[in-house]
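The values are calculated or read from the model by the stated rules, or taken from the named source; none is laboratory data. Note that the coordinates shown come from a computational prediction; the quantities given were computed from them, not determined experimentally. Cβ coordinates were reconstructed from backbone atoms using ideal geometry, including for glycine residues, and neighbour counts include every protein chain displayed. To get the accessible areas, we keep the full protein, side chains included, count just its heavy atoms, and leave off ligands, DNA and RNA. Shrake-Rupley method; radii C 1.70, N 1.55, O 1.52, S 1.80 Å.
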2 protein chains.
Amino acid sequence: MADIYRALADPTRRAVLDELYERDRQTLFEICGRLTMKHGVASSRQAVSQHIDVLEEAGLVRVEREGRYRFHTIDTAPLREIAERWPARGREDGPT
Amino acid sequence: MADIYRALADPTRRAVLDELYERDRQTLFEICGRLTMKHGVASSRQAVSQHIDVLEEAGLVRVEREGRYRFHTIDTAPLREIAERWPARGREDGPT
DNA sequence: ACAATAGGCAAGCAGTCACTTGCATGTCAA
DNA sequence: TTGACATGCAAGTGACTGCTTGCCTATTGT
């Protein structure tokens, strides 16, 4: 499994996660369209596809294939590694 | 303030955070030595210095100058942005 | 079958990044 | 003051990354 931190390093990939967080089970074309419309990100289909590959390898996005469609779903579980690696200590107020 | 995600993207920078998480107020030379000894990271002083610059710009490391020493301290507060951007939802089990 | 749709693969290119190298600044002890 | 120590600055280099380009495969509708 690839590097989750490196996967998060790119702003377009974070926008993809934002979009999938709002709406699950989107296809590549849906993600592309919505990135352009709502997130002001103008990336080609191939570019977004490559970004999704990285997110998938990091375990942040899961894919279900159905016919000629590929539905993408966010998985926030791997993000916990970050919070658990450097937990807030003592006086710094903790998570909600 | 620079990109916290990009700051975390490099494994050496994460090792620096690990080290500072274990022990606060370390100088550059201390960090270099401990990175080599305990984390198996062999980076030059200049390389580590540049990494620390990135961490500092991301707000993850704070610096106190005293005489000819610079003491570095981790600040985990900016990490909360990540957990708050894509909070775990519904059935996915939450943090401890 | 045929065209249209959704996606996949891979080479090439330009920009960025981490690292090195070499020298400069500032502080402390003797 | 002088040398040793801790750090700072900046140019150059090789590798990596994100993106494009061009073509290919698979599925669906008519």
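Provide the FRET efficiency to the nearest 0.05 for the B:R62-A:K38 pair, computing r from the beta carbons and using R0 = 45 Å. Kindly include the intermediate steps, with their values, before the conclusion.
Working: r = 36 Å, r/R0 = 0.80.
Step by step, r from the Cβ atoms, then E = 0.80.
If you scale each eigenvalue of the Cα gyration tensor by 5 and take the root, what three semi-axes come out for the stretch B:1-51, rounded to whole angstrom and sorted largest first? Before the final figure, lay out each step's value.
Details: eigenvalues 60, 28, 23 Å².
Whole-Å semi-axes of the equivalent ellipsoid: 17, 12, 11.
Under 8 Å for C-alpha pairs, at least 6 residues apart: give me the relative contact order for chain B, rounded to a whole percent. Don't jump to the answer; show the numbers that get you there.
Working: 101 pairs, mean separation 29.4, N = 96.
Relative contact order here is 31 percent.
List the residue from chain B whose beta-carbon is nearest to the axis that rotates chain B onto chain A, together with that distance in whole Å.
Closest Cβ to the B-to-A rotation axis, residue and whole-Å distance: B:A9, 2.
Efficiency by 1/(1 + (r/R0)^6): what FRET value for B:F71 and B:Y21, r their Cβ-Cβ distance, R0 = 22 Å, to the nearest 0.05?
Working: r = 15 Å, r/R0 = 0.68.
With R0 = 22 Å, the Cβ-Cβ based efficiency is 0.90.
Find every distance from the label point of B:A47 to the corresponding label point in the other copies (7 Å from Cα along Cα→Cβ) and write them in nm, one decimal, shortest first.
3.2
For the protein assembly as shown, which semi-axes, largest first and in whole Å, follow from the square roots of 5 times the eigenvalues of its Cα gyration tensor?
Those come to 35, 18, 15 Å.
Considering only B:G33, B:G67, B:G59, give the residue with the highest GNM mean-square fluctuation for chain B, with springs between Cα atoms whenever their separation is below 10 Å.
B:G67
Every other copy gets compared here: list the nm distances from the A:G59 label point (7 Å along Cα to Cβ) to its counterparts, shortest first, one decimal.
Result for A:G59, in nm, nearest copy first: 2.8.
Around B:T36, with a cut-off of 14 angstrom between Cβ atoms, what is the net charge of the other residues, counting Lys and Arg +1 and Asp and Glu -1?
0
Need the per-residue list for the stretch B:72-86: every residue with at least 30 Å² less accessible surface in the complex of protein chains than in the chain by itself, probe 1.4 Å, sorted by number.
Residues losing area: B:T76, B:L79, B:R80, B:I82, B:R85, B:W86.
Taking Cα atoms of chain B, Rg/Rh with Kirkwood Rh, to two decimals?
Details: Rg = 14.8 Å, Rh = 14.2 Å.
When Rh is taken as the Kirkwood radius, the ratio is 1.04.
Would you kindly work out, in nm and rounded to one decimal, the distances from the label point of B:M1 to those of the same position in each other copy, ordered shortest first, with label points 7 Å along Cα-to-Cβ?
2.8
How large a share of the accessible area of the stretch A:31-89, in percent, is made up of carbon and sulfur atoms when the probe is 1.4 Å and the other protein chains stay in place?
Details: 1590 of 3320 Å².
Carbon and sulfur atoms account for 48 percent of the accessible area of the stretch A:31-89.
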